[in-house]
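Have a look at the structure below, then the notes.
The values are calculated or read from the model by the stated rules, or taken from the named source; none is laboratory data. All values derive from a computational prediction rather than experimental measurement. Because the Cβ atoms are built from the backbone with ideal geometry, glycine has one as well, and the counts that use them run over all protein chains shown.
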Amino acid sequence: MSVYIKVQRRGREDRLLVLRQLHCTIGQDDDGLIVTSNASIPWFSIFASGVEYYLQSHQDDLVQLSDRDRTYSVTPLPKTLHLSVADYQLTIVTTEAESSLLAASSLPTESMEKSTLIPRTLLSVKVAHTEQTFPLFLGATGSLGQGDTDTLQLPFQGVLNSHLVFEQREDGAYFWSEVGSFQFNGKEYSSKPICIREGIIQLSPSAIEVEIICN
């Protein structure tokens, strides 16, 4: 599986960047050119976790995810994602059909430098015999709920959009709610972040139990 980035910039020739099961950071150098190493202004990183790819934003004021109304610092990559960064227009495509895509493209093609990255912490969320996982890098944020833009989907009655928000900090993963409340270890919480490494969270008022494991 590969990731392709079509780079468009007014007055410049279009380019096609190719990523293959890697982690790399894309940004601008001092001359305003796109680089994949030693960027003076890092824009975002793309990394692989299992069979999924994720985009981690480093400059929220520079990166605009035009396909989503609300984003967090780490976003699962859909099949196609359009970004507007500085004066660049980027189209990111994830595909397994590498040969057909390259054959159909007449753009200059560049392979990005490869490296691997294993998430330090993996968030596992279990609800009603289903399990979802999400890699937690330092500064990564996301949400659990039944909204279209929620990082982990909980399509259950009584669960709110972005019912539970999480953030990976230096000392662990913190959870809180901006729109509702939840119970953990017999206490009720809402907007005050608490660090949870493992346990059962009960979302209110749905009474849905969510098992959280961060390891």
Quiz prompt | Top-ranked residue of segment 147-166 - restricted to ones that are buried (at least 20 other Cβ atoms within 10 Å of the Cβ) and assigned to a strand (DSSP E or B), ranked as farthest from the chain's Cα centre (by Cα) | solution = L164
Quiz item: Under the condition of being assigned to a strand (DSSP E or B) and more than 23 Å from the chain's Cα centre (by Cα), which residue from segment 182-200 is nearest to F156 (Cα to Cα)?
Solution: F182
Practice problem: Can you work out which of the residues in segment 59-81 that are modelled with pLDDT of 75 or more and in a loop (DSSP other than H, G, I, E, B) is nearest to the chain's Cα centre (by Cα)? | Solution: L77
